[in-house]
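A short worksheet on the structure shown next.
Bear in mind that the values in this text are calculations on the coordinates, not laboratory data. Fair warning: this is a prediction, and the values are worked out from it, not measured in the lab. Ideal geometry is used to build each Cβ from the backbone, glycine not excepted, and the neighbour counts take in all protein chains shown.
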Amino acid sequence: MLVRKLLSIRFAPVVRRWASTDPLSLQNTKMQAYLESLRQEYYVLRVNAAGNSKLYERLAQLEGVVTALEQRRVLERNITSAKDLELEKDEEMRELMQEENKVYADLLAKQEHTLLRELLTLADDEAYPALIFGLNAGAGGQEAMLFAQELYEMYTGYFDHMGWEYEEFARETTDIGGLRHASLMVSGDDVFSWLRYEAGVHRVQRVPATEKNGRMHTSTASITVIPRPADVQVHIAEKDLKIETKRASGAGGQHVNTTDSAVRIVHLPSGLAVEAQSERSQLKNRELAMKRLRARLVQQQLESVEASKLATKKAQQGSLNRNEKIRTFNFVQDRITDHRIQGGTLHNLEGFLKGGEQLSGLIEKLQLEHRKDRLKDLLEAWQPPQEASNQS
């Protein structure tokens with residue numbers, strides 16, 4: 001409230017009619033007024049943010065935009081005006097001034113690009129420290145499950161590429177190497193802002209290895225991305241657990257487990273059951289099973305909270321029909337097409353499925369479009385502080 005009052009006093013001279021040009025242009029009158037309001041807010045916060053974590057967080061968010069804006073202003077001041085060029089009588093001096101103007105104009109264009117990038121980053125409205133990443137086979141039977149396994153390998157490779165931590169807590173595979181479904185907890189810097197665009201139905205078009213007539217088949221798999229806020233916690237009471245142990249199953253041989261080290265835990269209130277047998281120690285398997293149970297309960301809680309929003313697991317999955325898709329993997333044409341953006345077609349499927357730079361590049365395009373739309377919405381709804389305070 002203090003910040004708004006101070007801004008309404010210091011930010012009085014604003015233009016009330018906006019130019020009808022591109023709203024994201026830095027030459028747009030409303031954009032200029034919006035940038036000035038951010039600048040004023042930043043300097044007010046520098047005075048008042050001490051000891052207030054929320055104000056300090058906002059100050060840190062604004063720093064990139066304001067720094068870029070101030071550097072842009074310095075470059076603008078260094079450009080000699082057309083009027084001053086006309087007044088300069090010395091021909092050599094005028095040519096020198098024109099050459100300097102060209103250099104500054106190039107620097108200004110680069111700085112404006114930096115400023116817009118910072119502004120778009122500021123417009124990204126949601127950040128979470130972790131998320132639950134789900135993958136489910138859809139229409140297409142065994143071929144859909146094989147595709148789901150390829151996506152699983154692509155995304156876990158991408159998590160490694162990005163340096164994120166992830167832990168699988170549910171997975172069901174098939175005898176021929178396919179995947180029915182999997183759930184992972186993924187955490188790391190900006191993890192949600194990158195993975196949020198992967199949620200939806202992914203379609204594959206190819207000739208399966210088992211197809212004798214060479215016909216192309218279409219199958220689907222779906223991705224769900226459910227954000228996990230930092231304050232989401234679950235409490236598990238010992239009395240609510242049923243813990244069973246058994247001998248771990250395996251292929252036999254000299255390393256066969258001869259003790260009851262496998263652990264199965266049932267959470268009685270929810271009916272959820274988890275197992276762990278990958279470790280040779282019963283204690284370690286119990287710890288692993290508890291981690292999986294906790295993650296499953298968090299997932300259940302988050303899905304309940306998100307049930308009324310469009311970004312729910314059900315909404316993201318769709319009905320898994322072949323005609324629902326956000327991205328198509330066409331093996332015959334060696335093509336990946338994202339249907340949400342222009343220029344969303346790439347080639348080199350083998351490289352894309354490694355989950356590295358190609359996937360990052362496509363997600364960056366999706367990020368940019370989302371941030372542009374978000375910034376346009378912010379500008380459309382934005383009112384200068386003086387006007388906002390008059391209406392309140």
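One residue alone among Glu153, Glu168 is of a type in the set (D, E, K, R) and part of a strand (DSSP E or B), and that residue is Glu168.
In the set Ala139, Ala148, only one residue is touching a residue at least 40 places away in the same chain (Cβ under 8 Å), crowded, with 18+ Cβ neighbours inside 10 Å and part of a loop (DSSP other than H, G, I, E, B); that residue is Ala139.
Of all positions in segment 152-166, at least one carries a residue that is surrounded by fewer than 19 Cβ atoms within 10 Å (Cβ to Cβ), of a type in the set (D, E, K, R), closer than 28 Å to Arg371 by Cβ and touching a Ser or Thr at 6+ places or on another chain (Cβ under 6 Å). A Cβ distance below 6 Å, combined with a sequence gap of six or more or placement on separate chains, defines the contacts here; from segment 192-203, residues that are among the small types (Gly, Ala, Ser) reach residues that are buried (at least 20 other Cβ atoms within 10 Å of the Cβ) in the pairs Ala199/Ile223; Ala199/Thr224; Ala199/Val225; Ala199/Gln316; Gly200/Gln316; Gly200/Ile326. Across segment 137-155, the qualifying residues are those that are within 13 Å of Ile223 (Cβ to Cβ) and not small (Gly, Ala, Ser), and the one among them that is farthest from the chain's Cα centre (by Cα) is Phe147. For segment 77-102, the set of residues classified as surrounded by 12 or more Cβ atoms within 10 Å (Cβ to Cβ) and either within 26 Å of Leu26 (Cβ to Cβ) or in contact (Cβ under 8 Å) with a residue 60 or more places away in the chain (or both) consists of Asn78, Ile79, Thr80, Leu85, Met97, Gln98, Glu100, Asn101, listed by residue number.
Under the condition of being part of a helix (DSSP H, G or I) and either among the hydrophobic types (A, V, I, L, M, F, W, C) or farther than 30 Å from Arg58 by Cα (or both), the residues counted in segment 88-136 number 25. Evaluate the following for Glu198: is it within 30 Å of Ala276 (Cβ to Cβ) and within 16 Å of the chain's Cα centre (by Cα)? So Glu198 passes the test. Residues that are over 20 Å from Thr224 (Cβ atoms), in contact (Cβ under 8 Å) with a residue 60 or more places away in the chain and assigned to a strand (DSSP E or B) within segment 325-353 comprise just one, Asn330.
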